[in-house]
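Engineer: The structure is given below, and queries will be raised subsequently.
Bear in mind these aren't lab numbers, they're just calculated from the coordinates by the rules spelled out. These figures come from a predicted structure and were not determined experimentally. Cβ coordinates were reconstructed from backbone atoms using ideal geometry, including for glycine residues, and neighbour counts include every protein chain displayed.
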Amino acid sequence: MSIIQPCNQQILNRNDKQMKYRNFGNTGWEVSALSFGCMRLCDNQEYNTNLISKSIDAGVNYFETTRYYLEGQCQHRTAPGLVGRGDSLIVSGKDGINPDKTAYLFRKEIERQLDILGLSHFKFFQVGWFSWEMMPHLLKQGGVLDAIRQAKAEGLIQCVGFTGHDTPENFIKCIETGLFDSITVPYNLINRSYEPTIARAGELGVGVVAMCPVAGGVLSCESDRLKEALGMDLPTTEMAFQFVLANPNVSTACSGMNTLEQLEQNVKTVNNFDPELNNFGEMCEGLDKLRAELGDRFCTSCRYCMPCPQDIDIPHYMNLYREWKVFGLTDSVAERVRAIGKDKSAVRCTDCGECEDKCPNTLSVREVLREMESLR
Ligand code: SF4
Ligand code: SF4
């Protein structure tokens, strides 16, 4: 489906003094290495408009939106900041796919989102909440693919990507269909599960939008372990961006920003990125070593231990334990342990041992829970 239409030659917004640019797969576009996820905009419209306008001034040229974020307000909050500049930007819209989605409904949604954003066309439109299982609903006669083809023929959309949650292997199968120009997946220092998918996307010329480069703020506290593993003496947020961009197959790191301070810091960090100084292979090696310290005794989030009779979310605790022990993110982990309500807290554990009997990795769940609660 990857086609380069003449209008793709439109000059995209850029500011080479402040921003780096990378190929966006085979689309022919150069996308800003920092892109703007609009799902965290605040309810102060004047502030949002200024924030978006400042990001465009700094050279950001990719904005990810959908009508469904922020209780239906995401695109309304984005639109005023795009006025008069939309043609030089890649603004991405998104609609979900499900068994009941028809070409008619998908088309209506494209039109509705264009209307809200005040755009004549989408340079990118995403098939959202996608998975390999949804493929028949994409391909069926009168289904989503028919709507995409028609919208492309009419110039309402130019390129198509997808986002969703599925296994890395299934997402590889999705991009191998040749139907998509980009893939949007979470990717950061502590979540590298889609690394094989990203590598395959690179081979196929499919653009990669890396979501959650700072893991939704988790990677904002100091970590000596990460500094040592990556051989950098930088704040964790900066190391997080450097890592994502060190992956040569990532087209852009998409950050959900809502303050001018975040924008300024992220622009600076991305502009400081130097591929010569950030060797992706060495960084991966450092991270692999950290992870190896937990050996086989690693929670795979299989959830076989659930449900716990005391309603404790064991995989959540195990995940926090990993972030604490492997990545040294103590402050962020402690904050999230404190945020777990009393009704779900590990202090409720009665020591019944059911979880450990069911755990295929023979993890000492009870010991971990006790240790975690010491952080409260
Ligand atoms: S040992 Fe504790 S955590 Fe495990 S199942 Fe029993 S109550 Fe739940
Ligand atoms: S069963 Fe074991 S590996 Fe699976 S989620 Fe529970 S603790 Fe983790």
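Engineer: Along Cα→Cβ, 7 Å out, is where each label goes; now give me the distance between the ones at residue 344 and residue 268 in nm to one decimal.
Structural biologist: Reported label-point gap for residue 344 and residue 268 is 3.5 nm.
Engineer: Something else about it: Quick one: 293, 109, 335, fewest Cβ neighbours within 10 Å first, how do they rank?
Structural biologist: Ranked by crowding around the Cβ, least crowded first: 293, 335, 109.
Engineer: Still on this structure: Only counting other Cβ atoms within 10 Å, I'd like 11, 116, 148 sorted with the fewest neighbours first.
Structural biologist: 11, 116, 148
Engineer: How high is the relative contact order of the stretch 314-373, in percent, with contacts defined as C-alpha pairs under 8 Å that are six or more residues apart?
Structural biologist: 40 percent
Engineer: Follow-up. Tell me, what is the FRET efficiency for residue 222 and residue 276 to the nearest 0.05, using R0 = 30 angstrom and their Cβ-Cβ distance as r?
Structural biologist: After rounding to 0.05, the efficiency reads 0.70.
Engineer: Under 10 Å, Cα contacts only: if you run a Gaussian network model on the chain, which one of 356, 264, 111 comes out with the highest mean-square fluctuation?
Structural biologist: 356
Engineer: Given 59, 90, 284, which one lies farthest toward the positive end of the charge dipole of the chain, if we put +1 on the Cβ of every Lys and Arg and -1 on the Cβ of every Asp and Glu?
Structural biologist: 90
Engineer: Just add up the charged neighbours of residue 277: K/R +1, D/E -1, any other residue whose Cβ is under 14 Å from the Cβ of residue 277.
Structural biologist: Spelling it out: positives minus negatives among the neighbours equals -4.
Engineer: Need one number: the % of Cα-Cα pairs in the chain sitting beyond the 34 Å mark.
Structural biologist: 32 percent
Engineer: Further, regarding this structure: Dipole of the chain, Cα-centred, from +1 at each Lys and Arg C-beta and -1 at each Asp and Glu C-beta, to the nearest 20 debye?
Structural biologist: 680 debye
Engineer: Using 7 Å Cα-to-Cβ label points, what is the residue 352/residue 14 separation (nm, one decimal)?
Structural biologist: Placing both labels 7 Å beyond Cα along the Cβ direction yields 6.2 nm.
Engineer: Rounded, prolate or oblate: pick one for the stretch 314-373, where a ≥ b ≥ c are the square roots of the eigenvalues of its C-alpha gyration tensor, a/c under 1.5 means rounded, and failing that, prolate if a/b is larger than b/c, else oblate.
Structural biologist: Here the stretch 314-373 falls in the oblate category.
Engineer: Separate question: Excluding residues on the same chain fewer than 8 positions from residue 108, give the lysines whose Cα lies under 25 Å from its Cα.
Structural biologist: Straight-distance partners of residue 108: 94, 123, 140, 152.
Engineer: Then there is this: I'd like the trypsin sites (Lys or Arg not before Pro) in the stretch 82-138 restricted to DSSP loop residues with at most 16 other Cβ atoms within 10 Å, sorted by number.
Structural biologist: 85
Engineer: If you count the DSSP beta bridges with both ends in the stretch 52-196, what percent of them are antiparallel, to the nearest 5?
Structural biologist: Here the share of antiparallel DSSP bridges comes out near 5 percent.
Engineer: Now for a different question. Within straight cross-link reach of residue 227, meaning Cα distance under 22 Å, which lysines are found once same-chain residues fewer than 8 apart are removed?
Structural biologist: Those lysines meeting the cut-off are 268, 289, 325.
Engineer: Count the net charge of all other residues whose Cβ sits under 10 Å from the Cβ of residue 251, scoring Lys and Arg as +1 and Asp and Glu as -1.
Structural biologist: My count for the surroundings of residue 251 gives 0.
Engineer: What's the exposure ranking of 324, 129, 29, going from fewest to most Cβ atoms within 10 Å?
Structural biologist: Ranked by crowding around the Cβ, least crowded first: 129, 324, 29.
Engineer: Another one. Using only alpha carbon pairs under 8 Å that are at least six residues apart, calculate the relative contact order of the chain and give it in whole percent.
Structural biologist: The value is 15 percent.
Engineer: Could you tell me the relative contact order of the stretch 1-124? Use alpha-carbon pairs under 8 Å, at least six residues apart, and round to a whole percent.
Structural biologist: Here the relative contact order equals 24 percent.
Engineer: Distance in nm between label sites at residue 47 and residue 150, each 7 Å beyond Cα in the beta-carbon direction?
Structural biologist: Spacing of the two 7 Å Cα→Cβ label points: 4.2 nm.
Engineer: Angle, helix 103-117 long axis vs. longest principal axis of the chain, Cα atoms, 0 to 90°, nearest 10?
Structural biologist: Taking the Cα atoms of the chain, the angle to 103-117 is about 80 degrees.
Engineer: So what's the projected area for the stretch 155-306, the Cα convex hull averaged over all directions, in nm²?
Structural biologist: 11.6 nm²
Engineer: Moving to a separate point now. Taking only Cα atoms, what is the 0 to 90° angle, nearest 10, from helix 195-204's long axis to the longest principal axis of the chain?
Structural biologist: Helix 195-204 sits at roughly 20 degrees to that axis.
Engineer: Please work out whether the stretch 61-200 counts as rounded, prolate or oblate from its C-alpha gyration tensor, where a ≥ b ≥ c are the square roots of the eigenvalues and a/c under 1.5 means rounded, while otherwise a/b larger than b/c means prolate and anything else oblate?
Structural biologist: Verdict is oblate for the stretch 61-200.
Engineer: Normalised radius of gyration for the stretch 248-334, please: alpha carbon Rg relative to 2.2 N^0.38 Å, two decimal places.
Structural biologist: Computed over Cα atoms of the stretch 248-334, the ratio equals 1.47.
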